[in-house]
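Below: the structure, in structure tokens.
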Amino acid sequence: MTTVLIEKEEIEQYKFVPAAVDRTKEFASKLSDALRLGNEFKSKTTMTFMTEDGPKRVETTVWSLTEKYIVLKASVLIPMRSLIDISY
């Protein structure tokens, strides 16, 4: 699967759609680690998510998590059900 790397400022230009497989529970631990890395060490996380235009990838700091969303700087939200992959 080919993904396109975008800047976090571009995320709001895309409409999110659910990934083929909902991996929210599987990613819970990784997202908690990404949150800690972002808040304590200012380290970035790479996330791939599904949009209407296909998969997109962003390298950014995770600021917060809710039950259904990943919160980035400037209150940018990524739905967890759209996540395809996460790495740091």
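The values are calculated or read from the model by the stated rules, or taken from the named source; none is laboratory data. It should be emphasised that the depicted structure is a prediction, and the values quoted were computed from it without experimental measurement. Using ideal geometry, Cβ is built from the backbone for each residue, glycine included, and neighbour counts are taken over all protein chains shown. Heads up: the accessible areas ignore ligands, DNA and RNA and are worked out on the full protein's heavy atoms, side chains in. Shrake-Rupley method; radii C 1.70, N 1.55, O 1.52, S 1.80 Å.
Taking all protein chains as present, what is the carbon and sulfur share of the accessible area of the chain, in % to the nearest whole number, probe 1.4 Å? Of the solvent-accessible surface of the chain, carbon and sulfur hold 49 percent. Along region 26-31 the Karplus relation, 6.51 cos²θ - 1.76 cosθ + 1.60 evaluated at θ = phi - 60°, assigns HN-Hα couplings of 5, 8, 3, 5, 5, 5 Hz to successive residues, with x for each Gly and Pro.
Close Lys pairs in region 1-67 (alpha-carbon distance under 18 Å; sequence gap of 8 or more, or different chains): 7. Taking 7 Å steps out from each Cα toward its Cβ at ALA28 and LYS15 produces label points 3.1 nm apart. In the context of the full set of protein chains, the chain has a per residue accessible area of 62 Å² (1.4 Å probe).
Remark: the LYS42-LYS73 segment gains 10.0 nm on full extension, using 0.36 nm per residue and subtracting the alpha carbon distance.
Sequentially through region 80-88, phi angles give Karplus couplings (6.51, -1.76, 1.60; θ = phi - 60°) of 4, 5, 8, 5, 9, 7, 9, 8, 8 Hz, Gly and Pro residues having no value and appearing as x. Computed extension length for TYR88-LEU65: 6.7 nm, one decimal, from 0.36 nm per residue of separation with the Cα-Cα distance subtracted. Given H placed on each backbone N at 1.01 Å, which residues far from THR45 in sequence or on other chains put an amide H within less than 5 Å of it? Correct list: THR60, THR61, VAL62. With the helix formula -39500 (n - 2.57) applied to DSSP H stretches of n ≥ 4, the chain reaches a computed 222 nm mean residue ellipticity of -7000 deg cm²/dmol.
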